[in-house]
Amino acid sequence: MTIFEAYNEVKKKLQAAGIEDYVFEAKQIIKHITGLSATQILTQYNNKLSLFQENNLTALLRQREIRYPLQYIFGEWDFYGRPFYVGPGVLVPRADTETLIEAALEFLKEKQNPEILDLCAGSGCIGITLAKEMESSNVLMVEKFDEAIRYAKRNIDRNSVSNAEIRKGDIFESAFSDRKFDIIVSNPPYIPQNEMEEISPETKFEPETALLAEENGMQFYKAIINNYKDSLKENGAIAFEVGINQSERVAKLLEAAGFKNITVKKDLNSIERVVIANIGGK
């Protein structure tokens, strides 16, 4: 089987499995199997796959056809142009979340040596990205679950980050009275239980602890606002990723807590994805 034949076969099988972005995924799979760049594939598409590569491709497709996340199959995924280890136990990094990065960077652009707190950090992709984009910053990431913490530590090492650390903590139990932050960022669990059946099949392989939230999806937003408001510096901000149709409710929670300049940012699909607001002087 040539590379070109394999690519067409992969496209066909992914489409039959109901995978919407089957063309993009087929390209990623061929790159993964062959170890070639997109440019190299174009010039070597008539090359034959080795028996090992064919067997690897067959095994990979079997996993993907049952909608096991491609990111977990590969064991890594790019976020904001950097590689991150991922797997069962952490949420898959999504392009939508890059909207949160952009909002935070815009708020911090005039800050000197900003202090950043990333709550529900998971794989660490948010905190690590902010640490790399603002090397003068100091980033503290907080995560409850040991498996996710292991991924975050590996990703700190992989991306050679010296200005970020991961700490075990439960946002419902503790805050940081000894530290003040310029911004708190979080992509917390926000999917209500009654919406779990509506989400993509891939999401069912991700940890429910990173997805589900009580109080119709508002549980974590309320806790973070109530517990961490006093951990902000004067004019500090909170920036949240939110689910579809949640931006207005999250904005009202922030307003009720005394936050000002509440702004909603849309992702690349024009979905309201981030709510950011700042607190006045204390």
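The values are calculated or read from the model by the stated rules, or taken from the named source; none is laboratory data. From a predicted model like this one, the values you see are computed outputs, not experimental measurements. Cβ: placed from backbone, ideal geometry, glycine included. Neighbour counts: every protein chain shown. These area figures cover heavy atoms from the full protein model, side chains too; ligands, DNA and RNA do not enter into them. Shrake-Rupley method; radii C 1.70, N 1.55, O 1.52, S 1.80 Å.
Numbers for the structure displayed
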| quantity | calculated |
| --- | --- |
| Segment 30-56 and segment 109-135: distance between their alpha carbon centers, rounded to Å | 37 |
| Extension reserve of the residue 168-residue 209 stretch, reckoned as 0.36 nm per residue once the Cα distance is removed | 13.3 nm |
| The chain - charge dipole about Cα centre, Lys and Arg +1 at Cβ, Asp and Glu -1, debye rounded to 20 | 460 |
| Beta bridges by DSSP in segment 48-168, antiparallel share as percent, to the nearest 5 | 30 |
| Calculated Cα extents along the principal axes in Å (choose from [x] 68, 41, 33; [y] 92, 47, 38; [z] 51, 45, 36), label | [x] |
| Solvent accessible area, Å² - residue 136, 1.4 Å probe, full protein context | 60 |
| DSSP bridge orientation in the chain - percent antiparallel, rounded to nearest 5 | 45 |
| Relative contact order of segment 51-108, pairs being alpha-carbon contacts under 8 Å that are 6 or more residues apart, as % | 21 |
| Nearby aspartates and glutamates by direct alpha-carbon distance to residue 48 (threshold 17 angstrom, same-chain neighbours under 8 apart not counted) | 5, 9 |
| Relative contact order computed over segment 108-147 (Cα-Cα under 8 Å; 6+ residues apart), in percent | 47 |
